[in-house]
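Right, one structure below, let's go through it.
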Ligand SMILES: Nc1ncnc2c1ncn2[C@@H]1O[C@H](COP(=O)(O)OP(=O)(O)OP(=O)(O)O)[C@@H](O)[C@H]1O
Ligand SMILES: [Mg+2]
């Protein structure tokens, strides 16, 4: 076969179309600018923006696992919120055990306590994810209606188990000393904990992108989202891959639960279920199965919620649903539609 | 004809409520190219997918190298030495050409000599090595699909209509590449609609209709026997209209 018979050419979309492809990325700064105009005061705007980014990144952490789980095996997991709640309770329990570390003035001990809480919570939710996948999800592959019913059942069982282990009351834990209070930048006050949340969220997003783009497992996950059958035909067991992704997604939900819990300083067995409304909105906005879309969707929802909470508190939740409607009218499959084979 | 490499005996496949394969008996000898012909909807793709374990046979047996693979799972069948180029090519468009090739190499890193040989057969695999596979044209995707199947030496390759929708020049190029592949000790089971292409490359031929094999023999015999061709192709045409 010679070069002459096959003209090498790269089919690139016209410039205009390619710009539109990249457009979702621009939405985040665009929304921040709109926020600045609407809020008016730069100091207030900075506070709200950091709060919005922190909230968005925490939602991203909780949502990312869900979207990949859906992309890879078409599994709709309404039980995902259970991992958020359980993660929060396990993490808080660890923080109570480590009371000496959290109340110490040492930043190192404070952060170590948070780190330990996160680690134990992620381990616990990963194991719980393992059990959930084997017992609840595996028997209902490919059957959406059953998945909805069965995973909701799993959610209820998990919430009841929280009552059994931790009692029916909500739980309070104060943030460690050094994560309380705010930094003051000029006129703006930025809560320290929110900066930490932004930091963790960004590191996690970068790590996740690295795994998905540059490791063999990541390539297999992306290939599997597009065409699981072909991945099997190449000799890889998609179910085992899926179990790993499911456990990772559950551990991330657990991490999100600890972070969200520390943000609110109060947790309940229902907290996961309540946040799931925002999580589903974010996953739908981003395009089911797309991690990038999920990231941008989460930042948009976080920013918008904080701006509207300040400008018009009554419409905060409605505004995120409005955002979803507008984005779906523009792109019915979400910001980054995932191409599925067949 | 040498010893059978792959043997299907009385294979039935159901897809949901439909009874698609109704007792397929097919023998693929070791070495060379076996061609599977048949009109649209005859069950050729279903046969390949059943061999790969993507559909599970409801009865009958499939043996490969003397081993029963009827109920084995797809990844295990693949790792036993069978590569598959599906009808829709199964390219991962979100990945680059290089990444598509890397995933297909399950035994370790791609052997550079073999890669050079593949890129000689299919130049676009070199030209677009770092491009997203989604940007390839249909013909280039087909070449990538075949390249992926041969990135490591395989015992048997199942190829489903590699010339579908391709321009004549590309069909010739693909045929040449398959001829060269035939010279290695890989066996090919080729599903084709293009009889000219199939007869230029095939050693044996089987014809399917309505989920059964209705003819089975040497390609040379079929090429020589215009009456047989007429009967089988005529049948195809009739059923077509
Ligand atoms: N997923 C499916 N669900 C239901 N019926 C199917 C499915 N796949 C194939 N069939 C049916 O099985 C029969 C055989 O299909 P198959 O794809 O194997 O034919 P083929 O010989 O490969 O045809 P073509 O030359 O058009 O590719 C057809 O009647 C088809 O409608
Ligand atoms: Mg077919």
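A short reminder: the numbers here are calculations on the coordinates, not readings from a lab. Just so we're clear, the structure is a prediction, and the values are computed from it rather than from any experiment. Note: ideal-geometry Cβ built from the backbone for every residue, glycine included; neighbour counts use all protein chains shown.
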Next on the checklist: Looking at the protein assembly as shown, I'd like the Rg to Rh ratio, where Rg is from alpha-carbon atoms and Rh is Kirkwood's inverse mean 1/r.
Outcome noted: 1.07
Next on the checklist: Could you work out the percent of alpha carbon pairs in the range A:123-162 separated by over 12 Å, rounded to a whole number?
Outcome noted: 60 percent
Next on the checklist: What distance in nm lies between label points placed 7 Å from Cα along the C-beta direction at residue A:330 and residue A:182?
Outcome noted: 3.1 nm
Next on the checklist: Averaged over its residues, how many other protein chain Cβ atoms are within 10 Å of peptide B:168-174's Cβ atoms?
Outcome noted: 2
Next on the checklist: If the elastic network links every pair of Cα atoms under 10 Å, which of B:164, B:182, B:113 fluctuates the most in the Gaussian network model of chain B?
Outcome noted: B:113
Checklist entry - At q = 0.21 Å⁻¹, what base-10 log of I(q)/I(0) does the Debye formula yield for the range A:162-272 when every alpha carbon is treated as an equal point scatterer in vacuo? => result -1.11
Next on the checklist: For peptide B:85-93, what's the mean number of Cβ atoms from other chains within 10 Å of each residue's Cβ?
Outcome noted: 5
Item to check | Of A:304, A:161, A:46, the one that fluctuates the most in a GNM where chain A has Cα springs shorter than 10 Å | outcome: A:161
Checklist outcome for this item: Bridge orientation stat for the protein assembly as shown from DSSP, antiparallel percent rounded to 5, came to 60 percent
Checklist entry - Other chains' Cβ within 10 Å of A:231-243 residues: what's the mean? => result 6
Next on the checklist: Taking the 0 to 90 degree range and rounding to the nearest ten, how far is the long axis of helix B:168-183 tilted relative to the main principal axis of chain B, both from C-alpha atoms?
Outcome noted: 90 degrees
Checklist entry - Sorted from fewest to most neighbouring beta carbons within 10 Å, what does the list A:209, B:148, A:240 look like? => result A:240, A:209, B:148
Next on the checklist: Once you keep just the Cα pairs under 8 angstrom separated by 6 or more residues, what percentage relative contact order results for chain A?
Outcome noted: 34 percent
Checklist entry - So how tilted is helix B:138-149 from the main axis of chain B? Cα-based, degrees 0 to 90, rounded to 10. => result 90 degrees
Next on the checklist: Based on the alpha-carbon set only, what is the convex hull volume of the range B:1-123 divided per residue, in Å³?
Outcome noted: 152 Å³
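Arranged by the count of other C-beta atoms within 10 angstrom, fewest first, what order do A:232, A:292 take?
A:292, A:232
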Checklist outcome for this item: Footprinting proxy, A:163, A:263: sorted fewest to most Cβ within 10 Å, the residues are A:163, A:263
Next on the checklist: One quarter of the convex hull surface, Cα atoms only: what value does that give for the range A:215-342 in nm²?
Outcome noted: 9.5 nm²
Next on the checklist: Report the Cα centroid-to-centroid distance between the range B:177-199 and the range A:26-63 in angstrom, as an integer.
Outcome noted: 60 Å
Checklist entry - Across 10 Å bins from 0, what is the distribution of all Cα-Cα pair distances for chain B, in whole percents? => result 7, 32, 37, 20, 4, 0
Checklist entry - Quick one: helix B:112-121 against the long Cα principal axis of chain B, what's the angle to the nearest 10°, folded into 0 to 90? => result 60 degrees
Next on the checklist: If a paramagnetic tag sat 7 Å from the Cα of residue A:164 along the Cα-Cβ line, which residues of the range A:112-142 would have the backbone N under 19 Å from that point?
Outcome noted: A:124-137
Checklist outcome for this item: By the mean-Cβ-within-10 Å protection proxy, highest first, A:115-123, A:135-143 rank as A:115-123, A:135-143
Checklist entry - GNM, chain A, Cα, under 10 Å: largest mean-square fluctuation among A:295, A:92, A:242? => result A:242
Checklist entry - Rounded to two decimals, what ratio of Rg to Rh does chain A give with C-alpha atoms and a Kirkwood Rh? => result 1.00
